[in-house]
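For reference, the structure is listed below as structure tokens.
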Amino acid sequence: MDLDSILQKHQVQPGTTKVINIGCVRLEASRLKEGWHLETIDNCPNDDIALDEASALKDYFQTGKSNSLVIAPALPVKPMVFKGSGLNVLPGQKITIFVKIPLTFQIYFSKVLPENLLREITYKRMSNTWFGEPDSGEPAYTLGSEYFLDFNEIGINDFEAICPVSVKNSANDNLNVQRVIIRDENLTLYKNNNQMVTSHVQIEYKGKDMISLVDYQYSKLFHGEKQEILAKPRNSAGKNVLKLNFHFIKNIYRTE
């Protein structure tokens, strides 16, 4: 099922069921008299990977008389951690890379309103990770190490968004990008022609012992002349620049 046929208002009459295929998730939405029974089924049974816990669903929702079910795109509920692989930024230099972020799909009844949200599901299983020190870090999803240097060369499927990330090295030493966190809760999701693109993440690195600055911006270069917003940031309070953005694996040497 293509993305346009998923991201719409689905009309389901009482006593009937509509099947919506979202990647490796098969959603069966059954409309009852005053509610919905939603069930998800593994659409890729031969991949030896069980349906993600966040996407496992077999619940009834009492919602009233609306026969409409709306599916909207969103970004993952936890931040994503990019693991650099041979990526270095010399002092005074700036690099822009592009990474792929898998989408989450929000299921609403009647209208896209916070109080009408029934459940969120992901189209594939995402691996959990930990960002930061063991006693002061935070849970996240792993994004892997794949990146692109040219916006026009990155190929995405219908269930992924492009995330532009710029890193400026304002320190005096070479920056070896080991692990950088992308805080999805601060990102807006835009549509540019047939592509989905997140906010432009701009990070200024000032050194290992300094807090790096981060900003999330709209860019005509990546988002087009007209702002077509598909999803607003989850974090309505705004940007949080005080959290850790880079994490460097500490080398422990044994001395005799």
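The values are calculated or read from the model by the stated rules, or taken from the named source; none is laboratory data. No experiment lies behind these values; they were computed from the predicted model shown. Cβ atoms come from the backbone with ideal geometry, glycine included; neighbour counts cover every protein chain shown.
Here are the numbers for the structure shown:
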| quantity | calculated |
| --- | --- |
| Single condition residue 26 does not satisfy, out of (1) in contact (Cβ under 8 Å) with a residue 40 or more places away in the chain; (2) buried (at least 17 other Cβ atoms within 10 Å of the Cβ) | (1) |
| Test set (1) under 20 Å from the mean Cα position of the chain (by Cα); (2) in the same structural domain as residue 235 (by TED's automatic domain parsing); (3) within 30 Å of residue 56 (Cα to Cα) - residue 98 fails condition number | (3) |
| Filtered residues of the range 223-256 (kept if within 21 Å of residue 164 (Cβ to Cβ) and at pLDDT below 65) | 238, 239, 240, 241 |
| Wholly within the range 149-210, strands (runs of 3 or more DSSP E) carrying at least 1 residues that are of a type in the set (S, T, N, Q) | 160-169, 189-192, 195-198, 200-205 |
| Wholly enclosed strands (runs of 3 or more DSSP E) of the range 40-141 bearing at least 1 residues touching a residue at least 24 places away in the same chain (Cβ under 8 Å) and small (Gly, Ala, Ser) | 68-74 |
| The range 69-109, residues that are under 30 Å from residue 3 (Cα atoms) and among the polar types (S, T, N, Q) | 96, 104, 106 |
| Where residue 158 falls short, out of the listed (1) over 15 Å from the mean Cα position of the chain (by Cα); (2) closer than 26 Å to residue 54 by Cα | (1) |
| Single match in 38, 90 (criterion: among the aliphatic types (A, V, I, L, M) and crowded, with 18+ Cβ neighbours inside 10 Å) | 38 |
| Which listed residue, of 90, 51, 57, 38, is modelled with pLDDT of 95 or more and not assigned by TED's automatic domain parsing to the domain that holds residue 197 | 38 |
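A quick yes/no check of all residues on (1) within 24 Å of the chain's Cα centre (by Cα); (2) under 22 Å from residue 126 (Cα atoms):
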site: 5; (1), (2): yes, no
site: 8; (1), (2): yes, no
site: 12; (1), (2): no, no
site: 18; (1), (2): no, no
site: 23; (1), (2): yes, yes
site: 27; (1), (2): yes, yes
site: 38; (1), (2): yes, yes
site: 43; (1), (2): yes, yes
site: 46; (1), (2): no, yes
